[in-house]
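Engineer: My structure is below; once you've seen it, I'll send some questions.
The values are calculated or read from the model by the stated rules, or taken from the named source; none is laboratory data. Computed from a predicted model, the values in this text were never measured in an experiment. Note that each Cβ is placed from the backbone with ideal geometry, even for glycine, and that neighbours are counted across all protein chains shown. Heads up: the accessible areas ignore ligands, DNA and RNA and are worked out on the full protein's heavy atoms, side chains in. Shrake-Rupley method; radii C 1.70, N 1.55, O 1.52, S 1.80 Å.
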Amino acid sequence: QLQLVESGGGLVQPGGSLRLSCAASGFTLDDYAIGWFRQAPGKEREGISCVSAGGDSSYYADSVKGRFAISRDNAKNTVYLQINGLQPEDTAVYYCAPRRRLYRLCTLNPSSYRSWGRGTQVTVSS
């Protein structure tokens, strides 16, 4: 139904930065609350940041506060996640997903989201 495409991952050294992109296909991204999540092999999917529909509110997991920043560029129908001060424990596949349109506020609970894409790999290693 709803398709989001993640990009911008890669291999970086500890302390490095990346900007991940979440681009919408076939719908207006600003109409939906958007969450960013990550999952390392053998671990649970973790909510790390989200932004409400319309962009009025954003939230961050304690593990990334002060290092990650979520933003919207409605002209490009894209949500970004700027990730700074990367550490090896940040290594994971990063996903974005829309919440059901009925709920304008976002949540970091992965169970509240649908239409998962393939994600983008972030690897932090020296």
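Engineer: Can you run down the residue pairs with Cβ atoms below 7 Å, 6 or more apart or on separate chains, where the first is in segment 23-51 and more than 22 Å from Asn77 (Cβ to Cβ) and the partner is of a type in the set (Lys, Arg) and open to solvent by 30 Å² or more (accessible area, probe 1.4 Å)?
Structural biologist: Close Cβ pairs satisfying both conditions: Gln39/Arg45.
Engineer: If we scan segment 65-85, do we find a residue that is of a type in the set (A, V, I, L, M), assigned to a loop (DSSP other than H, G, I, E, B) and either under 14 Å from the mean Cα position of the chain (by Cα) or surrounded by 14 or more Cβ atoms within 10 Å (Cβ to Cβ) (or both)?
Structural biologist: Scanning segment 65-85, I find no residue that is of a type in the set (A, V, I, L, M), assigned to a loop (DSSP other than H, G, I, E, B) and either under 14 Å from the mean Cα position of the chain (by Cα) or surrounded by 14 or more Cβ atoms within 10 Å (Cβ to Cβ) (or both), so the answer is no.
Engineer: Do you know which of the residues in segment 103-126 that are over 16 Å from Cys50 (Cβ atoms) and of a type in the set (S, T, N, Q) is surrounded by the most Cβ atoms within 10 Å (Cβ to Cβ)?
Structural biologist: Ranking the qualifying residues of segment 103-126, first place goes to Thr120.
Engineer: Report, by residue number, each residue of segment 19-44 that is under 14 Å from Gln121 (Cα atoms) and open to solvent by 30 Å² or more (accessible area, probe 1.4 Å).
Structural biologist: Scanning segment 19-44 gives Arg19, Gln39, Pro41.
Engineer: Here is a follow-up. For segment 86-102, enumerate the residues that are closer than 15 Å to Thr123 by Cβ, surrounded by fewer than 13 Cβ atoms within 10 Å (Cβ to Cβ) and in contact (Cβ under 8 Å) with a residue 40 or more places away in the chain.
Structural biologist: Gln87, Pro88, listed by residue number.
Engineer: In addition: Condition first: of a type outside the set (Ser, Thr, Tyr), farther than 25 Å from Asp90 by Cα and either touching a Leu at 6+ places or on another chain (Cβ under 9 Å) or in a loop (DSSP other than H, G, I, E, B) (or both). Now tell me which residues in segment 12-56 satisfy that.
Structural biologist: Gly26, Phe27, Leu29, Ala53, Asp56
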